Amino acid sequence: MKRIFAGVVLAGTAAVSAQAADLAVKAPYLKAPVAAVYDWTGFYIGANVGVGLGRNLQTHAYPVGGSLNTTYLQPQGVIGGGQIGYNWQLGSFLGPMLLGLEADIQGSGASDGYTTLNSLAGPVNYNQKLDWFGTVRGRVGLVRGPAVAYFTGGYAVGSVKTTVTEGGLVAFDNSKTRSGWVIGSGVEAALGGNWTGKIEYLYLDLGNQTDFFGNQSLRTEVRESIFRAGLNYRIGGNGTYITPPPANWAGLYIGGNFGGATGRDRSSLTLGGATDAFNLAPDGFIGGGQIGYNWQASNWVFGVEADFQGSTQKDQRASVLGPQAYYDAKLPWFGTARGRIGYSLGSTLFYGTAGYAYGNIKSDIVSSIGNYSFKTTKGGWAAGAGIETPFQLFGLLGPNWTSKTEYLYVDLGSTTDVFGGTGINTTKVTEHILRTGINYHFNQPVVAKY
């Protein structure tokens, strides 16, 4: 997960630079609306909703069965809650800068009861839930009028419940409030009046813990990825702000992107008549390019986009069936072809996207009956959302450049591999992706002149 975090931080860096300038210099100009200047200083309160995904490595040692299994528990589900904060907008040599403090509290439906492993003591099922969490964070970002890209980090706390059931009986049941740290990045933009909207990624580290029960031990590392969208109301803010005319997004564009991804791959392995059910959790950097075309009707933008991504995602920690099998799971590359629909508020485009996805799935298994390697290309679907904003990289690039911060969920379906006469491996591949990209538009967008 640290690789995911590094990818997100680097992606956030590109997003911060993305706010450095407006979209056009030589384009036709429209008369600026009254009170178009935007100031982020002040209190705000809001709500958010999204999805949480755990990548919690657990190692269970049970001497009664002489077994040691290592897998990932991956609680996944809808999260939602509220936030309150305060911003200061200051000047700097990089331009207007935002400094802020924010606190939030979240309810969570993230849970995972899929993993069931065999031992000499019988089947062992694991159930883990993230009931709630909260954070207190600082924020720092670069401002370009009604849009700001930012980094955020601070303190995190949450309630994690873990239950281990052996042979139908509960052997371990523990609910604890755990604390740690959080870091992430996001993009926030004005919606008009005192309202703003944001898309944000957070990485929570709630620490490591070893629990003992009977003659057994369970070690768990709790790591959570949070992908969410939020709506804020600025109390006493710049309510006289009037959103300028929409930028012209119509036409062809081409660009590149970089970010991070983590998989939640429901898997099962049958060997010698025994079956284990568990998660593979490949994570790493992703990067590639995209090409697309937009059509525009007033503020509404409709488009198509295709992209292709290289990926360093891998999971080399899973060991199951006693363990009689060790995994090295990878997603070397993937791509998508999607439609986009969005709404342009001034020079900021908010959009949703969905369509076809395909990717290469690779699994190496070192087992008690031999070593095997499987590779296949599968098709599926993708859906997500994002924010696209101006990008000039401190004046080094021209007016046709934009940047985007985007979340994608990818489902590549299931694969089944038969090996060694008695071995059957099945994996369903799903991905959570956060990436930042830059685009060059082959047009001259129309924006308001100030």
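For the stretch 78-112: of the residues being open to solvent by 40 Å² or more (accessible area, probe 1.4 Å) and either part of a loop (DSSP other than H, G, I, E, B) or in contact with a His (Cβ under 6 Å, 6 or more places away or on another chain) (or both), which is modelled with the lowest pLDDT? Ranking the qualifying residues of the stretch 78-112, first place goes to Leu94. In the stretch 113-129, of all residues being in a strand (DSSP E or B) and touching a Leu at 6+ places or on another chain (Cβ under 9 Å), the one that is surrounded by the fewest Cβ atoms within 10 Å (Cβ to Cβ) corresponds to Pro123. From the list Gly184, Gly214, Gly251, Gly207, which residue is surrounded by fewer than 22 Cβ atoms within 10 Å (Cβ to Cβ) and either of a type in the set (Phe, Trp, Tyr) or within 24 Å of Gly384 (Cβ to Cβ) (or both)? Step by step, each of Gly184, Gly214, Gly251, Gly207 is checked, and only Gly251 is surrounded by fewer than 22 Cβ atoms within 10 Å (Cβ to Cβ) and either of a type in the set (Phe, Trp, Tyr) or within 24 Å of Gly384 (Cβ to Cβ) (or both).
Taking the residues in the stretch 368-399 that are of a type in the set (Gly, Ala, Ser) and assigned to a loop (DSSP other than H, G, I, E, B) as candidates, determine which candidate is modelled with the highest pLDDT. The selected residue is Ser368. If the condition is being among the acidic types (Asp, Glu) and touching a Lys or Arg at 6+ places or on another chain (Cβ under 9 Å), then the stretch 147-179 contributes only Asp173.
Screening Val418, Val410 for residues that are among the aliphatic types (A, V, I, L, M), part of a strand (DSSP E or B) and more than 21 Å from the chain's Cα centre (by Cα) leaves exactly one candidate, Val418.
Entry remark, the stretch 254-294: residues being surrounded by fewer than 18 Cβ atoms within 10 Å (Cβ to Cβ) and touching a residue at least 60 places away in the same chain (Cβ under 8 Å) number 8 in total. All told, Gly134 meets the bar of being within 21 Å of Val51 (Cβ to Cβ) and open to solvent by less than 10 Å² (accessible area, probe 1.4 Å).
Take Gly186 and decide whether it is under 30 Å from Gly346 (Cα atoms), under 22 Å from the mean Cα position of the chain (by Cα) and part of a strand (DSSP E or B). Yes; evaluated as a whole, the condition is true for this residue. Applying the criterion of being more than 26 Å from Val157 (Cβ to Cβ) and of a type in the set (A, V, I, L, M, F, W, C) to the residues of the stretch 226-252, the residue that is modelled with the lowest pLDDT is Ile242. Among the residues of the stretch 73-102, those that are closer than 15 Å to Gly42 by Cα and under 23 Å from the mean Cα position of the chain (by Cα) comprise Gln83, Ile84, Gly85, Gly100, Leu101, Glu102. Restricting attention to the stretch 314-325, the residues being part of a strand (DSSP E or B) and over 14 Å from Ile424 (Cα atoms) number 3. Entry remark, the stretch 354-410: residues being among the charged types (D, E, K, R) and under 16 Å from Ala306 (Cβ atoms) number 2 in total.
The values are calculated or read from the model by the stated rules, or taken from the named source; none is laboratory data. All values derive from a computational prediction rather than experimental measurement. Don't worry about glycine lacking a Cβ; one is built from the backbone with ideal geometry, like all the others, and counts go over all protein chains shown. Heads up: the accessible areas ignore ligands, DNA and RNA and are worked out on the full protein's heavy atoms, side chains in. Shrake-Rupley method; radii C 1.70, N 1.55, O 1.52, S 1.80 Å.
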